[in-house]
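Heads up: the structure comes next, in C-alpha cells.
Since every read-out is calculated from the coordinates, none of them should be taken as a lab result. Please read these numbers as outputs of a predicted model, since none were measured by experiment. Because the Cβ atoms are built from the backbone with ideal geometry, glycine has one as well, and the counts that use them run over all protein chains shown.
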Amino acid sequence: MIKHYKNFLTKQELKDLEIYFDHCFFKQKIARADPMVKGSISIYSDLVAQYFMCIKKPLVEKVFKSKLIPTYSFSRVYFKDNVMKRHSDRPSCEVSVSLNIWSDTQWPLWFETEKGDVPMYTKPGEAVFYEGQKYNHWREPFEGESCFQIFMHYIRAEGENRDRAYDGMENIKYPKLIMKPWLK
Ligand SMILES: [Fe+2]
C-alpha cells in the first residue's frame, strides 16, 4: 500500500515539531552527517520523534488494518541538490510513514509500482504511508533550500519481521520503556 494521508498532524503538533527540531538541528546541532543521503543531516530515534511514532501508531494500524509494533524513527533534513537514491527498505521498515514537517519547495517521494513510477506530494503536516520493502522509492535532486521529513517505521506484530521489534536492539532499555504504553 502507498497512501497520501492529509491530516496526520494537528496544526499545534506541526508547530511544536518545527520549533523543537529547528532547535535540535540548527541551534544545538546534534544531528550527524547522513551517509545514505550525501549532504543531509539526521538523528536516529530522537525521543520526540519516537513519541510521535507511538502516539500515531493507532492511526497507521487503522489504515493498514494490521496490529503494528514501532521499530525506530529517523529525522532527516535535506538541503539543495541532495538526492535519495532508488532503494528498498530493510526488514525493520515493513510499514513506514514519511512525515513532512517543512519544505520550501514541493518535492515528491517517488515509488516504483506495477502501474509505473508514481510521485507522492505532501505539504507540511501531511504524510505518505508506504511499504518500503515492497516498493522501491527515491527522491530526485532537491531544488529548494531545506526539507525536513520524519520517518516512522513499524513491523506487523504477527508478521515475518516480528524479531525486528525495537529495530532489533533488545538491549536498549530506554526506548523500550518509553514505548511500553503503546505496545499493547
Ligand atoms: Fe527508504
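Taking label points 7 Å from Cα along the Cα-to-Cβ direction, ILE2 and ASP22 give a separation of 3.2 nm. Take the cross-link list LYS3/LYS115; LYS11/LYS62; LYS57/LYS115; LYS3/LYS67; LYS38/LYS62; LYS6/LYS38 and give me the ones stretching past 24 Å between alpha-carbons. Beyond 24 Å between Cα atoms: LYS57/LYS115; LYS38/LYS62; LYS6/LYS38.
How many angstrom separate the Cα center of segment 79-126 from the Cα center of segment 1-72? Distance between centres, Cα-based: 13 Å. Charging the Cβ of each Asp and Glu at -1 and of each Lys and Arg at +1, and nothing else, the dipole of the chain about its Cα centre rounds to 540 debye. Under 5 Å between amide hydrogens, built in the peptide plane, is the criterion, and for GLY125 it picks out ASN100, ILE101 among residues at least 5 positions away or on other chains.
Mind checking which of CYS24, CYS93, CYS147 has the largest fluctuation in a GNM of the chain, springs on alpha carbons under 10 Å? Fluctuation is largest for CYS24.
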